[in-house]
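Working notes, structure below.
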Amino acid sequence: MRHIGILTGGGDAPGLNAVIRAVVLAAHKEFGIAVTGIRDGFGGFAEGDDGLVALDHTSVRGLLWRGGSILGCNNRYQGTTEFFVERIGAIGLEGLIVAGGDGSLTMAKHLSDTGVPVVGVPKTIDNDVMGTDQTFGFDTAVETVSEACSRLIFTAEAHHRVMIAEVMGRHAGHIALHGAMAAGADIALIPEIPFTIDGIVRAITRRSEKGRTYTLIVVAEGAKPAGGQVVVDELRTRQSGRQVHGGIAALLAEELRGHVRHEVRSMSLSHLQRGGMPSTFDRVLGTRMGVAAVRALAQGEHGTFTAYRQSKVLLAPLSDAAGKTRMVNAGGRFVSSARAVGISFGDD
Ligand code: F6P
């Protein structure tokens, strides 16, 4: 194998640049393989050769601690599997590394099914890729949520308010659950445990009865009331052409104002969660996964993705991740620990 490509699909996540750096350095050093970067994910790949960039050790200098992706990210998939197979052949790539979430890993699986040597690297702040205990980007995002929410608690306490912080995560509540636990929030609302307004009001009342004059609620953008729907951000959905969640914190605040005597304020942490320098954990995980992906391609173990399981980076079949979503286990140990320290999920 002499020449491989790498692309970063979907939304950006802190640690992507660490993966690119590791791929380039390990490919050159261990196997003498040349690496071409493909700009703007599968969407950019469809647009022609202007989006190709040769990567060597000088191109990846200083990348380890940079957020975003030097290759750019893109959620669009213009082009069929056959089209991408042809592109890969025309460029002379003998293998492809796809760093992405479930959408990109599904495309990676389609390519692999046609015989293209592909290895996936699971990426997303949402931590919702099946088959891996953790994706890089998640740790940084949770750190951001934890820090922001810890700040909100001071104002909530000083003004005796109910503060609602909306966090990302799409269909899954990992960011909200971990962020709430780390910040010492009082209520965590996640998609996996439908809430009721009465449940939230009861949790706030219980706090008042104990003399607590404020409440911090962390709500996942995909959380929904029992029997209700997720809140969709119509503008962002129109602009991106795919369903984007957002707006539940403001709606919830409006609803709660009629039920509690506190002032209720809401805010969304939005893309702050995706930006910034990757945490130490994400730099190390990204590096380990980048190296593992190159080794997998070079040793013919393609059709796989780098999975983080019980602190080890292993290779798992792409079919373990493609088209699947890893949700929070509502009856699992994390939720149980959260409940044990008094976090309400608005369901009791
Ligand atoms: O998948 C990562 C993510 O940040 C989700 O948590 C969020 O729903 C979505 O991407 C936002 O996408 P965009 O950046 O296109 O608004």
S311 vs. criteria open to solvent by less than 80 Å² (accessible area, probe 1.4 Å), of a type in the set (S, T, N, Q) and not assigned by TED's automatic domain parsing to the domain that holds D126: no
Please determine whether any residue of the range 122-132 is of a type in the set (K, R) and either within 16 Å of the ligand (Cβ to nearest atom) or crowded, with 21+ Cβ neighbours inside 10 Å (or both). yes
Suppose the filter is closer than 30 Å to F31 by Cβ, open to solvent by 70 Å² or more (accessible area, probe 1.4 Å) and either within 16 Å of the ligand (Cβ to nearest atom) or not assigned by TED's automatic domain parsing to the domain that holds D186 (or both); does R283 pass it? no
Taking the range 262-280 and keeping only residues that are open to solvent by 70 Å² or more (accessible area, probe 1.4 Å), within 30 Å of R202 (Cα to Cα) and either of a type outside the set (D, E, K, R) or within 16 Å of the ligand (Cβ to nearest atom) (or both), one is left with M267
Are any residues in the range 237-261 of a type outside the set (G, A, S) and either within 12 Å of the ligand (Cβ to nearest atom) or modelled with pLDDT under 95 (or both), and if so, which ones? T237, R238, Q239, R242, Q243, V244, H245, I248, R261
In the range 150-164, the residues that are polar (S, T, N, Q) and under 28 Å from the mean Cα position of the chain (by Cα): S150
Has the range 85-95 got any residue that is within 16 Å of the ligand (Cβ to nearest atom) and either open to solvent by 30 Å² or more (accessible area, probe 1.4 Å) or of a type in the set (S, T, Y) (or both)? no
Could you list, in sequence order, all residues of the range 133-158 that are among the small types (G, A, S) and crowded, with 22+ Cβ neighbours inside 10 Å? G137, A141, A156
Going residue by residue through the range 73-83, is there one that turns out to be touching a strand residue (DSSP E or B) at 6+ places or on another chain (Cβ under 8 Å) and modelled with pLDDT of 95 or more? no
Out of the residues in the range 193-236 that are more than 16 Å from the ligand (Cβ to nearest atom) and small (G, A, S), state the one that is farthest from the chain's Cα centre (by Cα). G211
Tell me, yes or no, whether the range 63-79 has at least one residue that is open to solvent by less than 40 Å² (accessible area, probe 1.4 Å) and either within 16 Å of G303 (Cβ to Cβ) or not assigned by TED's automatic domain parsing to the domain that holds G303 (or both). no
Take the residues in the range 166-191 that are open to solvent by 30 Å² or more (accessible area, probe 1.4 Å) and in contact with a Gly (Cβ under 9 Å, 6 or more places away or on another chain); name whichever of them is farthest from the ligand (Cβ to nearest atom). H171
The residue from A13, A18 that alone is among the small types (G, A, S) and over 17 Å from V119 (Cβ atoms) is A13
Give the range 11-31 a look and list any residue that's touching a Lys or Arg at 6+ places or on another chain (Cβ under 9 Å) and either open to solvent by 10 Å² or more (accessible area, probe 1.4 Å) or in a helix (DSSP H, G or I) (or both), or say none. G11, D12, L16, N17, A18, V19, R21, A22, A26, E30, F31
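The values are calculated or read from the model by the stated rules, or taken from the named source; none is laboratory data. Here the structure is a predicted model, which means the values were calculated and not measured. Note that we place each Cβ from the backbone using ideal geometry, even for glycine, and neighbour counts take in every protein chain shown. These area figures cover heavy atoms from the full protein model, side chains too; ligands, DNA and RNA do not enter into them. Shrake-Rupley method; radii C 1.70, N 1.55, O 1.52, S 1.80 Å.
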